[in-house]
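Notes for the one structure printed next.
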Amino acid sequence: MLFLVATTCFYSGVLLGLKMNAAPSEQSRSTTLSVDEVEAEVLRRLKLQQKEVTSIAVDNSNEKELKNKDSKKKDDGHDRRFPKTISKIAYGSALISKNDFIQQFDYGIPKPPSKREHETDPGKDDVLLLYGSKKSLPDVSTGIVHTNDGPTPDIPHLTATYATKNCAVMNVIYTDTHGGEDQCMAIVGNYESYHIQRWLRFDGTTVDKSIPLHAVGRGVQSNGQDKFEAPSDSYALQNQALLKTYFDRLEETMAILKPMAESCAGDDNTVIVMVCNTGQSDLLINFFCSADARGFGDVVRKKLLIFATDEGVLEIAKGLGVNVFYDEKIFEKMPEEEAKRYGDRAFTQMMYAKIVTVQLINRMGYDVLFQDVDLVWYKNPLPFFHDKENPSHNFDILFQDDGARSLRYAPYSANTGFYYVRNNDKTKFLFRSLLFLGDMVLSMTSHQQALAALLDEHSSLTGLRVKTLSGSEFPGGYHYHRKKEIDFMRDIATGKHIPYLLHMSWTTNKANKLLFLKQMGLWYTSEACESGGAVDLAKDSSGTSLQQKCCSAEALISCHYRDKPSTHACHGQGKNIDVKGKPFW
């Protein structure tokens, strides 16, 4: 190719020189070639050179093909699945059922939310296992290394246990094609990295398939949006102010909190933590009332520690007789009203409060069950986390499945409205790290995304064991709102299936949360205690307890939307809330 380029340049120079000469004399015309003749000669010679180069390229290609073919042959004549050039990363291969593999090697990462543990996942039902050396092969390796030493040329299917029998080390990669986009994967034998490097045909604002691949952050989506932009200096300064308040008040805060946490922890060393302002207080009261009506009242009174972000919730918690912490200096800038929508200022500030509260209790040496106020227990979940025979007991931190499978929540899709933290050095390091990422929380308007990124990093860095809980046992808003989950929600509504809880996430605002809980038969709070009304009732010294004023022993059912899950008592009642919504019953 270089020779062809040089030849082209040479003849082009000759041609250019002839064109630049002055008009030749009659004598020179008779002894030299004309410009047209020179052009013709140059083109003729170029074609000859091109044929020679093409011939050489074909010969080289054939030679490489022969070498490649030879590299796929062993001395016994069997065809290798992979050439020797990659034998240290792909000596052989096997297929394993994904369900079998995940059950054997549970890294805590969930399947698609609509798939139960035993269900298939078309196009992704098997795991491709690559063996890096002869030593890593199972005892009988028929068809693993060679294509023609088994009954078929196909890659053999093996059980997870047998296929990995001699694997001293196994690196696992989770990946997806995100709706079938034209994605490729390159496995490079090199100095090892524990991160996936992402390349995209991206010009900084949009994805353009006509431009070369560029290295991008993992938050850049196929629509060009970057979900992990670095926080600006303004967010860093805001976090600096928050951290100053935290450290200025830390010693005094710990002194007040320590006896409270110790009292809540009890024999199982677990504290239930909830954070609430007056705007969300009716949901807090409903959790308490529903727990009492369903037989969990004593557990909640004993183990719940409420972090009140305003004086209204302080009064309510005292009226209900549960443990409560409030520090006006720490929470002086926290909003009293509920968030109007996901990600607004009130929402973001409450998210930061939720980080601090878990970090403090975890720092003291206790396990933490953190939960939002917009959920109801069907069963007490604490025995699930304390059962040492439960396979989930080996995990350091366990989350409800959010249901979202967007890039920013990968790979665990952890819902930060319900999770359990075991106290150890790994979880302490995790929440210390999250505390200092306040600028990231503020810029992304939620601690869920920041924590999701840290979970992935810490699981790789320190071996933190993260588990996403089964959606069938710990359902949330994804299950409530998605049409594909109608049968599952009917089973819950009729009592055919009893999960541990229902978390009313994935819901735009508090007003709708209340309506959905009411028609599901999960509302136990009197109307007088809604919308902050319990604050004045808590201050009333008439002698009647706040529980008596606010709590009903039976569910207070009312029907609102016929296209949303409800008890059977709401059959055919209400209107549609979704466009083209279909009746639930």
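Please report the spacing between the Cα centers of the stretch 117-167 and the stretch 227-266 in Å, no decimals.
The stretch 117-167 and the stretch 227-266 have Cα centres separated by 49 Å.
Considering only protein heavy atoms, what per residue accessible area in square angstrom results for the stretch 473-517 with a 1.4 angstrom probe?
39 Å²
In sequence order, what are the phi-derived ³J(HN,Hα) couplings for the stretch 447-456 according to the Karplus relation 6.51 cos²θ - 1.76 cosθ + 1.60 with θ = phi - 60°, rounded to whole Hz, with x for glycine and proline?
7, 4, 5, 5, 5, 4, 5, 5, 4, 5
Which links in LYS303/LYS484; LYS303/LYS549; LYS329/LYS510; LYS165/LYS388 stretch past 32 Å when you go from one Cα to the other?
LYS303/LYS484
Step through the table entries LYS124/LYS467; LYS258/LYS539; LYS318/LYS564, compare each Cα-Cα distance with 32 Å, and write down the pairs that go over it.
From LYS124/LYS467; LYS258/LYS539; LYS318/LYS564, over 32 Å: LYS318/LYS564.
Ranked highest first by the average count of other Cβ atoms within 10 Å around their residues, in what order do 456-467, 546-557, 215-226 fall?
Numbers: 456-467: 18.0, 546-557: 16.5, 215-226: 14.8.
Descending mean neighbour count gives 456-467, 546-557, 215-226.
Under 5 Å between amide hydrogens, which residues at least 5 positions from PHE325 or on another chain qualify, with H placed 1.01 Å from N in the peptide plane?
ILE306, PHE307, ALA308
Can you run phi through the Karplus equation (6.51, -1.76, 1.60; θ = phi - 60°) for the stretch 85-90 and list ³J(HN,Hα) in whole Hz, with x for Gly and Pro?
5, 10, 5, 8, 10, 8
Probe radius 1.4 Å, ligands and nucleic acids ignored: give me the carbon and sulfur share of the accessible area of the stretch 439-585 as a rounded percent.
Percent of accessible area from carbon and sulfur atoms in the stretch 439-585: 48.
Can you work out the Karplus-derived ³J(HN,Hα) for every residue in the stretch 513-524? Use 6.51 cos²θ - 1.76 cosθ + 1.60 with θ = phi - 60°, whole Hz, and x for glycine or proline.
Karplus-based 3J(HN,Hα) across the stretch 513-524 equals 4, 5, 5, 5, 5, 5, 7, 8, x, 10, 10, 10 Hz.
Which distance in Å, rounded to a whole number, links the C-alpha centroids of the stretch 350-368 and the stretch 487-517?
Rounded to whole Å, the Cα centres lie 27 Å apart.
Over the stretch 132-252, what number does the Rg to Rh ratio reach, with both radii from the alpha-carbon atoms and Rh per Kirkwood?
1.18
For ILE155, enumerate residues with amide H under 5 Å from its amide H, sequence gap 5+ or separate chain, H modeled in the peptide plane.
It is none; the list stays empty.
Using a Förster distance of 30 angstrom, determine the FRET efficiency expected from the C-beta separation of GLU328 and HIS386, and round it to 0.05.
Plugging the Cβ-Cβ distance into 1/(1 + (r/R0)^6) gives 0.25.
Taking amide H positions as placed in the peptide plane 1.01 Å from N, state which residues far from ASP372 in sequence (5 or more) or on other chains have amide H under 5 Å from it.
So ASP372 has HN proximity to PHE418.
The values are calculated or read from the model by the stated rules, or taken from the named source; none is laboratory data. Only a predicted model underlies this, so the values are computations on that prediction, with no experimental measurement involved. A quick note on method: Cβ atoms are made from the backbone with ideal geometry, for glycine too, and the neighbour counts reach across all protein chains shown. Only protein heavy atoms, including side chains, enter the accessible area calculation; ligands, DNA and RNA are left aside. Shrake-Rupley method; radii C 1.70, N 1.55, O 1.52, S 1.80 Å.
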